[in-house]
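Everything below concerns the one structure shown next.
The values are calculated or read from the model by the stated rules, or taken from the named source; none is laboratory data. If you're wondering where the values come from, they're calculated on a predicted model, not measured in any experiment. Cβ placement follows ideal geometry from the backbone for every residue including glycine, while neighbour counts extend to all protein chains displayed.
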Amino acid sequence: MEKRRGFEVAKGFEDKEINLPVRKTKYSAGYDVEAAEDCVIPKFNFGDKPTLVKTGIKAYMMDDEYLMLANRSSNPGKKGLVLANSVGIIDKDYYGNPDNDGHIMYAFYNFKNEDVSIKKGDVIGQAIFHKFFITDDDSAEGERVGGFGSTSK
């Protein structure tokens, strides 16, 4: 069977009992993504960098697809967690990159007045596969040379 799209455990997490994302209902668009390990997201202070929450997974997809990372709908109200970039975009060529093997992480800010603890196995967000289109005059030929935040290098 040809691999079209899906999730795999990222290098370095093979022995960490990582659960691959699943859809919980037949009509769900998103695959629920879990935290790969316990972590603490500190309360927000101006100037802080977001906390990267590891998932231990990577995603493969077709050439005209990307994976959208969305926050869990209950995170802002219950835990005060918002995504630093509002929505994450995982490109096809992020998979298996030489920096981090395509390991997917969620970047959170915590707007509560206290630190928020995330436990291994907690659902932290959703991942949704999408098609995309290119313009008639597109001429992109560059190749990814790294991981998180590398396309501007």
Item checked: Residue tally, condition in a loop (DSSP other than H, G, I, E, B) and either acidic (Asp, Glu) or farther than 21 Å from Ile89 by Cβ (or both), over the stretch 28-64 -> 10
Item checked: Candidate set from the stretch 1-27 (those that are farther than 18 Å from Tyr106 by Cβ and either polar (S, T, N, Q) or in a strand (DSSP E or B) (or both)); member that is nearest to the chain's Cα centre (by Cα) -> Gly6
Notebook entry, point to check: Just one of the numbered conditions (1) closer than 24 Å to Lys131 by Cα; (2) crowded, with 18+ Cβ neighbours inside 10 Å; (3) not hydroxyl-bearing (Ser, Thr, Tyr) is not true of Lys54; which one?
Noted result: (1)
Note to self: Anything in the stretch 55-92 that is among the β-branched types (Val, Ile, Thr) and touching a residue at least 60 places away in the same chain (Cβ under 8 Å)? List them, or say none.
What the structure shows: Thr55
Notebook entry, point to check: Among the residues of the stretch 39-51, is there at least one that is touching a Phe, Trp or Tyr at 6+ places or on another chain (Cβ under 6 Å), surrounded by fewer than 19 Cβ atoms within 10 Å (Cβ to Cβ) and more than 18 Å from Ile128 (Cβ to Cβ)?
Noted result: yes
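For the stretch 65-137, which fully contained strands (runs of 3 or more DSSP E) count at least 2 residues that are small (Gly, Ala, Ser)?
Correct list: 123-131.
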Check: Taking only pairs six or more apart or across chains, which ones have beta-carbon atoms under 7 Å, a first residue in the stretch 93-120 that is under 28 Å from Gly47 (Cβ atoms), and a second residue that is surrounded by fewer than 17 Cβ atoms within 10 Å (Cβ to Cβ) and of a type in the set (Lys, Arg)?
Finding: Asn110/Lys43; Lys112/Lys43; Asn113/Lys43; Glu114/Lys43; Asp115/Lys43
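Residue by residue, here is whether (1) surrounded by 13 or more Cβ atoms within 10 Å (Cβ to Cβ); (2) among the aromatic types (Phe, Trp, Tyr); (3) touching a Leu at 6+ places or on another chain (Cβ under 8 Å); (4) modelled with pLDDT of 95 or more holds:
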| position | (1), (2), (3), (4) |
| --- | --- |
| Ala127 | yes, no, yes, yes |
| His130 | no, no, yes, yes |
| Asp138 | no, no, no, no |
| Glu141 | no, no, no, no |
| Gly146 | yes, no, no, no |
